[in-house]
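The values are calculated or read from the model by the stated rules, or taken from the named source; none is laboratory data. All values derive from a computational prediction rather than experimental measurement. Note that each Cβ is placed from the backbone with ideal geometry, even for glycine, and that neighbours are counted across all protein chains shown.
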Amino acid sequence: MFRTMASLPSGRVAKWVVLALWVALLVPALMLAGKLGDVQKNDSSAWLPANAESTKVVERSEKFQRSDTMPAIVIYDRPEGITPADMAKARADADAFADSENVAGRPQGPVKSQDGKAIQTVVQVQKDKTGWNGISEVVTALTDIGEKNADGLGFHVTGPAGHASDSVEAFGGGGSLTAITALVVVVILLLTYRSPTLPLVPLLTAGVALSASEAVIYLLAKNAGLTVNSQTSFILTVLVFGAATDYALLLTSRYREELRLHEDRHEAMAQALRRCSPAIIASAATVAVSLTLLMLATLRSTQGLGPACAIGIVVGLLAMITLMPALLVIFGRWIFWPVKPAYAAPQAATEGIWTRVGTAISGRPRTVWIGTAVILGAMAVAVVGLKADGLSSKDQFTDKPQMAVGQEIQARHFPAGSGDPIYVVTTADAAQRVSAALADIPGIADVSPPVIKGGDALLAGELEDAPSSSAALDTVEQARTAVHDIEAAHAQVGGNAAITLDTRDAATRDSKVIIPIVLLVVFLILMLLLRAVVAPLLLMATVVLSFAAALGVSSLVFNHVFHFAGADASFPLLSFVFLVALGVDYNIFLVTRVREITEQHGTRRGALEGLSATGGVITSAGLVLAGTFAAMASLPLLFAAELGFTVAFGVLLDTLIVRSVLVTALTLDLGRWMWWPGKLFARHDDTPTTPAAEPDLEPALDGR
């Protein structure tokens, strides 16, 4: 059945049917994909689990205050001192702010700082009416008002609305990210294929897969409650382009080989699909299943990212084993111009770099794998320096946007948390006791009088520190401890600082729960695929070691080269899932080929010829995936830069060292024990031989 299905895209009539189906699908897909931004939830409060304390505070406080607004903190400053004219301008601006579209109520202030060098006004933006992109438009309107006739008076918009606005501008680089990702793919494919025409086919197919993926994700977000945000969108882009192009490389490599063995290109494609589809499907399934396990997260942003990326992998796979084969067969051999693979053309025997690497390893495999493991272990030690306990809002950008500058000025002249307090909901009877407990907590500058409605009370505590800072999070923890101990108060602490704390705690919990489950599931998949126990255990061990080494090097680079303030709390989990899933991906490409050769010639020859046969194409695939993730650095977001660097470095490390050197050396050293307790273990290997140089039919960046 599988052989028949694999042949469908290469049929003389079926190829046109496949193309027509994808074209028919693409029209509505493009329309739906364009609406993905409409269903994104970029407000951090929407990412939290329903049982988070800050989530419950939002629900309980709805009768006291509007939940559809977000504060924009307007800061004016003049180093030599605020003048009466400056105060008059700030008051006039406040009137203009109140009349602006999508501003709720009368702004609070203006208030002059105690040192007389700054002014603060708090404006409430209607976030539910404006949407994520609309917040940026409101902030732009406020900025236009504030900068008009400023006469040397500094003006900045900070606070949650300012952060949202700068985030919108940062994520607005999504179009350029797609263009940069596509350019990276084209350059690497040009070097790999040495053809100006062939790269257009995988690039076009990956673009179709991305649009189709976004359409499916939009429908799920619209109708099934899937949580997606801007972060999901840019990760999806690089993942689909990178993974789909990897599958294209393997398929094209096999197709080129079969074109020299079959005069009919339709039969050549059918054979190529039959030979490479099992490995491609197994690899894609491993990645998709690993990503789907993120649904076990309590943090809804992570929970939604998993299935969204899994959809991208599955759609990319379907496109690459249906649409791309149909296109290649339709275009014919000329698509490989200027070096078209001719039927029965002799192929000169060459000894590629991976054949030479295998020969070098085969001399002392145990020494090689032990030495490689020690080096990787040493790299992993630096992971202890990774600071992944969250970032303050001003540290979430690689540059310094308006919000960050305004927050620094605010911290110099006002309590950094002014305008964005913590909120405590309690019973009316306990309001005074809760107020007194809050007032005694270091880090809380002031407590507002309680507002009482229907037996409940709402209090606001002004923070001395910026709401997203570690000091403010410590204050929230102290506040929770204090009010939870008050008898019959039923007090709960919320607000933006509490949301940040709950997000961090949820991300930490998710890492502890999901990482072991991903390891177990991937191990079981490898057992089923390889029909062995030892090989899957060793492959998992090498991938985990590779991940730890990549994270250790990343920690050193982040701390001592780029001097980043830290990392997002979800960074370790996402890095792990991507690197482990993709690392196993490449190991599947290698080991399935090794197993295929081992069945005929024994493990030693299987290891050496498997490396020689797959080395070039896997190296090219690794370069593509690393390049696409590295393109994330084009966004001025610290999370994107860090995740892009770690995954890119980890993929290269896995492709060039772990897969080619460590796994090959282990296979040579263990021999048939790699396949214990399967059927291959029962057979005796051939006497050790070094395979003769043979035609290397894989297009590769292999130094030839």
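Okay, residues lined up against (1) surrounded by fewer than 21 Cβ atoms within 10 Å (Cβ to Cβ); (2) more than 28 Å from PHE64 (Cα to Cα):
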{"site": "ASP389", "(1), (2)": "yes, yes"}
{"site": "LYS394", "(1), (2)": "no, yes"}
{"site": "PHE397", "(1), (2)": "no, yes"}
{"site": "LYS400", "(1), (2)": "yes, yes"}
{"site": "ALA428", "(1), (2)": "yes, no"}
{"site": "ALA445", "(1), (2)": "yes, no"}
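Segment 432-479 holds strands (runs of 3 or more DSSP E) entirely within its bounds, and those carrying 1 or more residues that are within 15 Å of ALA497 (Cα to Cα), in the same structural domain as GLN410 (by TED's automatic domain parsing) and free of Cβ contacts under 8 Å to residues at least 40 places away in the same chain map to 444-447, 456-463. Taken over segment 351-388, the residue count meeting the criterion of being under 21 Å from ASN559 (Cβ atoms) and not in a helix (DSSP H, G or I) is 3.
Checked against the criterion of being of a type in the set (Ser, Thr, Tyr), more than 25 Å from ILE515 (Cβ to Cβ), within 27 Å of the chain's Cα centre (by Cα) and surrounded by fewer than 24 Cβ atoms within 10 Å (Cβ to Cβ), segment 273-280 has at least one qualifying residue.
Close Cβ contacts (under 7 Å, 6 or more residues apart or on different chains) running from residues in segment 22-49 that are within 14 Å of SER213 (Cβ to Cβ) and surrounded by 14 or more Cβ atoms within 10 Å (Cβ to Cβ) to residues that are acidic (Asp, Glu) and modelled with pLDDT of 75 or more comprise ALA33/GLU214; LEU36/GLU214.
Considering only residues that are hydroxyl-bearing (Ser, Thr, Tyr) and either modelled with pLDDT under 85 or assigned to a helix (DSSP H, G or I) (or both), which ones fall in segment 570-595?
Matches in segment 570-595: SER575, TYR586, THR592.
Looking only at segment 427-446, decide whether some residue is touching a Lys or Arg at 6+ places or on another chain (Cβ under 9 Å) and under 22 Å from LYS112 (Cα atoms). Checked against the condition, which is being touching a Lys or Arg at 6+ places or on another chain (Cβ under 9 Å) and under 22 Å from LYS112 (Cα atoms), segment 427-446 yields no hits at all. Working carefully through the options LYS117, LYS56, find the one that is farther than 30 Å from ARG509 by Cβ, in contact (Cβ under 8 Å) with a residue 40 or more places away in the chain, surrounded by 13 or more Cβ atoms within 10 Å (Cβ to Cβ) and basic (Lys, Arg). Sole residue among the options that is farther than 30 Å from ARG509 by Cβ, in contact (Cβ under 8 Å) with a residue 40 or more places away in the chain, surrounded by 13 or more Cβ atoms within 10 Å (Cβ to Cβ) and basic (Lys, Arg): LYS117. Against the test of being at pLDDT 90 or above and farther than 19 Å from THR237 by Cα, the options LEU643, LEU668, LEU652, LEU680 yield a single qualifying residue, LEU652. Determine whether ALA96 is in contact (Cβ under 8 Å) with a residue 60 or more places away in the chain and either closer than 14 Å to GLY419 by Cβ or outside any loop (DSSP other than H, G, I, E, B) (or both). Against the criterion (in contact (Cβ under 8 Å) with a residue 60 or more places away in the chain and either closer than 14 Å to GLY419 by Cβ or outside any loop (DSSP other than H, G, I, E, B) (or both)), ALA96 does not qualify. With respect to the stated conditions, GLY419 fails to be buried (at least 23 other Cβ atoms within 10 Å of the Cβ), of a type outside the set (A, V, I, L, M, F, W, C), closer than 30 Å to LYS512 by Cα and within 37 Å of the chain's Cα centre (by Cα).
Evaluating ALA550 against the criteria (1) more than 24 Å from the chain's Cα centre (by Cα); (2) closer than 23 Å to ALA243 by Cβ; (3) of a type in the set (Gly, Ala, Ser) leaves one unmet condition, (1). Restricting attention to segment 389-416 and to residues that are part of a helix (DSSP H, G or I) and of a type in the set (Val, Ile, Thr), the residue that is nearest to the chain's Cα centre (by Cα) turns out to be VAL405. If we scan segment 523-543, do we find a residue that is out of contact with any Leu (no Cβ under 9 Å at 6 or more places or on another chain) and not in a helix (DSSP H, G or I)? Yes, that holds for at least one residue. Kindly indicate whether any position in segment 337-350 is surrounded by 20 or more Cβ atoms within 10 Å (Cβ to Cβ) and either more than 22 Å from the chain's Cα centre (by Cα) or not assigned by TED's automatic domain parsing to the domain that holds THR614 (or both). No, that holds for no residue. Among the residues making up segment 227-276, those that are under 17 Å from SER620 (Cβ atoms) and polar (S, T, N, Q) are THR245, THR252, SER253. Cβ-Cβ distances below 6 Å connect the following pairs, each with a first residue in segment 591-602 that is closer than 17 Å to LEU528 by Cα, a second residue that is assigned to a helix (DSSP H, G or I), and a separation of six or more residues or different chains: THR592/ALA279; ARG593/GLY610; ARG593/ALA613; ARG593/THR614; VAL594/GLY606; VAL594/ALA607; VAL594/GLY610.
Quick one: is VAL240 part of a helix (DSSP H, G or I) and crowded, with 23+ Cβ neighbours inside 10 Å? Spelling it out, VAL240 is indeed part of a helix (DSSP H, G or I) and crowded, with 23+ Cβ neighbours inside 10 Å. THR227 - would you say it is touching a Lys or Arg at 6+ places or on another chain (Cβ under 6 Å) and surrounded by fewer than 24 Cβ atoms within 10 Å (Cβ to Cβ)? Yes, satisfied. Scanning segment 480-489 for residues that are assigned to a loop (DSSP other than H, G, I, E, B) and closer than 19 Å to ALA439 by Cβ yields ASP485, ILE486, GLU487, ALA489. The selection criterion, being over 30 Å from ARG106 (Cβ atoms) and either under 26 Å from the mean Cα position of the chain (by Cα) or part of a helix (DSSP H, G or I) (or both), holds for LEU203.
Taking VAL434, is it among the aliphatic types (A, V, I, L, M), touching a Ser or Thr at 6+ places or on another chain (Cβ under 7 Å) and surrounded by 23 or more Cβ atoms within 10 Å (Cβ to Cβ)? Here the answer is yes, as VAL434 does meet what is asked.
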